[in-house]
């Protein structure tokens, strides 16, 4: 979406390919972009029958993607590495449409590994060993402009957070992270479990993005909790600008959203998802913690007591928290979306001929 906004600002016409079952079905039209839907799913390698069905659907999705590219008159395709990226990238190859790829994690996903040899540029969020030189280019991961524009005072007024309070942001993606959700509600809302003393609680606020899956359960627990007055629980926030601006410390998974965390200059406690493909969340967390911007806690070790101890220790050590914040800011790539947009426009200017990259001279149609 951040790249699409940059492209639109440059005069390009942008449309999306996606699925009806995932979040793009809501977010893309809400942002004013058109979207063509494909029927495609991830390949479940543990279940041969489901894997075969997914492969069969992918064949149909390639044909549908070809129709969409031709119908849109696309000059270039930008692949984001998700379920749709494989069929879309193959459709680009079949129609001789230039292809640019982005990779948000610290390893190339399956779709990007298969398509990298056909791409004019592969834009990486992180340096990846063995992926140096053309077509690879480290741009960082794009973040929405709202992350950079958000105002701390306005964000705190929105969520009812005192200007002087120390604020912890808890988040785990659109569906949430169950282990983080349960440890946080126990540590910071329910009586006695976390061991936070009354003095610490006096100027302490939790802003918790639960995700949709656990939200009703957490609401019930919060309603019965003894420390609910300074605990704001919301299911989902599509724009992380305000929640990051309002907080002083983040507790989260270490997926692609860590680039939004560093764009906002926030220190973090990261709990990598232990079943992430190729353990990429652990690598993402190591990138941030290695720079001094985060602490890492293994998912299996997470508990209310450990969490309360880590959070209170960091908030009571202001020089360390400030140093972590500065380290986080140093990792930010605020111009990533612009860099990727430039690569997309250059690829559109080259066209199917394979000529050297050159800026387009007229409005271009982009399939994202």
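One table, with the values for the structure above:
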quantity	calculated
Condition broken by residue 113, with the remaining ones in (1) modelled with pLDDT under 95; (2) part of a helix (DSSP H, G or I); (3) in contact with a helix residue (DSSP H, G or I) (Cβ under 9 Å, 6 or more places away or on another chain) satisfied	(3)
Filter result (assigned to a helix (DSSP H, G or I) and crowded, with 20+ Cβ neighbours inside 10 Å) within region 69-85	69, 85
Test: residue in region 278-288 that is in a loop (DSSP other than H, G, I, E, B), over 17 Å from residue 177 (Cα atoms), in contact (Cβ under 8 Å) with a residue 60 or more places away in the chain and over 15 Å from the mean Cα position of the chain (by Cα)	no
Any hit, region 141-153, residues being touching a strand residue (DSSP E or B) at 6+ places or on another chain (Cβ under 9 Å) and modelled with pLDDT of 95 or more	no
Any hit, region 3-21, residues being out of contact with any helix residue (DSSP H, G or I) (no Cβ under 6 Å at 6 or more places or on another chain), modelled with pLDDT under 85 and either surrounded by 12 or more Cβ atoms within 10 Å (Cβ to Cβ) or more than 17 Å from residue 86 (Cα to Cα) (or both)	yes
Search result, residues across region 121-140 that are touching a strand residue (DSSP E or B) at 6+ places or on another chain (Cβ under 6 Å), part of a loop (DSSP other than H, G, I, E, B) and within 17 Å of residue 99 (Cα to Cα)	135, 139
Residue among 54, 92, 64, 88 that is surrounded by 15 or more Cβ atoms within 10 Å (Cβ to Cβ), out of contact with any strand residue (DSSP E or B) (no Cβ under 6 Å at 6 or more places or on another chain), in a helix (DSSP H, G or I) and modelled with pLDDT of 90 or more	64
Selection from region 339-364 of residues that are touching a helix residue (DSSP H, G or I) at 6+ places or on another chain (Cβ under 9 Å) and at pLDDT below 95	355, 356, 357, 358, 359, 360, 361, 364
Any hit, region 176-184, residues being at pLDDT 95 or above, over 26 Å from residue 272 (Cβ atoms), touching a strand residue (DSSP E or B) at 6+ places or on another chain (Cβ under 8 Å) and surrounded by 16 or more Cβ atoms within 10 Å (Cβ to Cβ)	no
Residue 309, sole failed condition from (1) at pLDDT below 95; (2) within 20 Å of residue 205 (Cα to Cα); (3) not in a helix (DSSP H, G or I)	(3)
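The values are calculated or read from the model by the stated rules, or taken from the named source; none is laboratory data. What you see is a predicted model, and the numbers here were worked out from it, not measured in a lab. Counting neighbours? That spans all protein chains shown, and the Cβs are built from the backbone with ideal geometry, glycine included.
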